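Right, one structure below, let's go through it.
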Amino acid sequence: MTIRVLLADDQALLRLGFRMVLDMQPDLEVVGEAADGSQAAAMTRALAPDVVLMDVRMPVTDGIEATRRIVDSGSPARVLMLTTFNLDEYVYAALRAGASGFLLKDVPPADLVSGIRAVAAGDAVVAPSVTRRLIDTFAVHLPDPATGRTPTEARLDLLTDREREVLVQVAKGCSNGEIAQALVVSEATVKTHVGRILTKLALRDRVQVVVFAYETGIVRPGAE
């Protein structure tokens, strides 16, 4: 199965570099290039890519707003953000907008390729240690921009006790195998729990689970 990728970055040389890397992969196809967020959103509608490789900072419309438009449109495309700094505040905003993860712009080619494949498969690509640093820095300080309030814990009532336990483990960056070992269950059982968590909380992927866990306070910065 070929993974269709849209490149969105205002720097033509970077787009060329990414295209060269991706064109070498038999299962990846670059279907278009956008120079700003508005173009990225429009081209996502027109070309229906599986993954949008999205720069955070672009002119006209930035990657955050473009991500929000793509997600709000109901597009199945997954957005993988690109940033220069691994603790860029804008990346946190992008995750809240619905991005499935982020990579640094100087990511090794192999990691870029594996990241795109992972996002296309519905997984997260943010390294656990980077995820924790990012969320620790911003999650408990930034209110929802739409309401001016921090998120409520009411949605946690939708989860069973076991699903809460799995949620905590996911928020700590644990893999399904690690969660299975910690909770003494099978990996298949963990996968089922994760799927139910995503469905009940209307979340797109594991990155969104991490954001939700920190926002609601079920996991707090610095906690082990």
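The values are calculated or read from the model by the stated rules, or taken from the named source; none is laboratory data. This is a predicted model, so every value here is computed, not measured. Note: ideal-geometry Cβ built from the backbone for every residue, glycine included; neighbour counts use all protein chains shown.
List of remarks:
- Matching residues in the stretch 15-24 - criterion: being over 21 Å from the mean Cα position of the chain (by Cα) and either of a type in the set (A, V, I, L, M, F, W, C) or buried (at least 17 other Cβ atoms within 10 Å of the Cβ) (or both): Leu16, Met20, Val21, Met24
- Being surrounded by fewer than 23 Cβ atoms within 10 Å (Cβ to Cβ) and either under 19 Å from Val211 (Cα atoms) or β-branched (Val, Ile, Thr) (or both) is a property that holds for Thr83.
- Contact map, the stretch 110-123: first residue touching a residue at least 60 places away in the same chain (Cβ under 8 Å), second residue part of a loop (DSSP other than H, G, I, E, B), Cβ cut-off under 7 Å, separation 6 or more or different chains; pairs are Val113/Gln25; Val119/Ser100; Val119/Gly101; Val119/Val125; Ala120/Asp50; Gly122/Asp205; Asp123/Asp205.
- Residue in the stretch 97-115 that is surrounded by the most Cβ atoms within 10 Å (Cβ to Cβ), counting only those that are under 16 Å from Asp9 (Cα atoms) and within 15 Å of the chain's Cα centre (by Cα): Ala99
- Scoring Pro59 on the criteria (1) at pLDDT 90 or above; (2) farther than 25 Å from Phe212 by Cβ; (3) not charged (D, E, K, R) leaves a single failure, condition (1).
- The residue of the stretch 118-144 that is modelled with the lowest pLDDT, among those that are under 13 Å from the mean Cα position of the chain (by Cα), of a type outside the set (Val, Ile, Thr) and part of a helix (DSSP H, G or I), is Pro128.
- Qualifying residue in the stretch 41-54 (condition: closer than 23 Å to Tyr214 by Cβ and modelled with pLDDT under 90): no
- Residue match in the stretch 67-90 (condition: closer than 23 Å to Met24 by Cβ, at pLDDT below 90 and in contact with a Phe, Trp or Tyr (Cβ under 9 Å, 6 or more places away or on another chain)): yes
- Of the residues in the stretch 149-160, none is modelled with pLDDT under 80, under 21 Å from the mean Cα position of the chain (by Cα), assigned to a loop (DSSP other than H, G, I, E, B) and exposed (fewer than 15 other Cβ atoms within 10 Å of the Cβ).
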